[in-house]
Amino acid sequence: MTASRTIPLVPSASVHEHAWMTESVHLTSDGRVRYVRCAGCSVRRVDVDAVAAAPPTALTREIG
């Protein structure tokens, strides 16, 4: 592998505020997982919208 294809261990000097764009979304038991990419520098990140943020839903029918 060439040096131009390695991942730097230190952030680059050109730090900027990322403009995150969602590439894909997947529902999981932990919540909604989003794969996002910065429109400016193409850095990627994985976000999760936790299930706890959703309103509660009934697991059983009403009793009594």
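The values are calculated or read from the model by the stated rules, or taken from the named source; none is laboratory data. All of these numbers come straight from a predicted model, not from anything done at the bench. Quick reminder, even Gly has a Cβ in these numbers, built from the backbone with ideal geometry, and neighbours come from all protein chains shown. Note: areas computed on protein heavy atoms with side chains; ligands, DNA, RNA excluded. Shrake-Rupley method; radii C 1.70, N 1.55, O 1.52, S 1.80 Å.
Out of the range 15-54, which residues are of a type in the set (S, T, N, Q), modelled with pLDDT of 90 or more and assigned to a loop (DSSP other than H, G, I, E, B)? Before you say what the answer is, go through the steps one by one.
Filtering the range 15-54 down to residues of a type in the set (S, T, N, Q) leaves 22, 24, 28-29, 42.
Pick out the ones that are also modelled with pLDDT of 90 or more and you get 22, 24.
Across the range 15-54, there are no qualifying residues.
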Determine whether Thr57 is open to solvent by less than 100 Å² (accessible area, probe 1.4 Å) and modelled with pLDDT under 90. no
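In the range 13-48, what residues are in contact with a helix residue (DSSP H, G or I) (Cβ under 8 Å, 6 or more places away or on another chain) and loosely packed, with under 12 Cβ neighbours inside 10 Å?
Filtering the range 13-48 for residues in contact with a helix residue (DSSP H, G or I) (Cβ under 8 Å, 6 or more places away or on another chain) gives 29-31.
The answer is Ser29, Asp30.
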Number of the exception - Ser12 against (1) modelled with pLDDT of 65 or more; (2) part of a loop (DSSP other than H, G, I, E, B): (1)
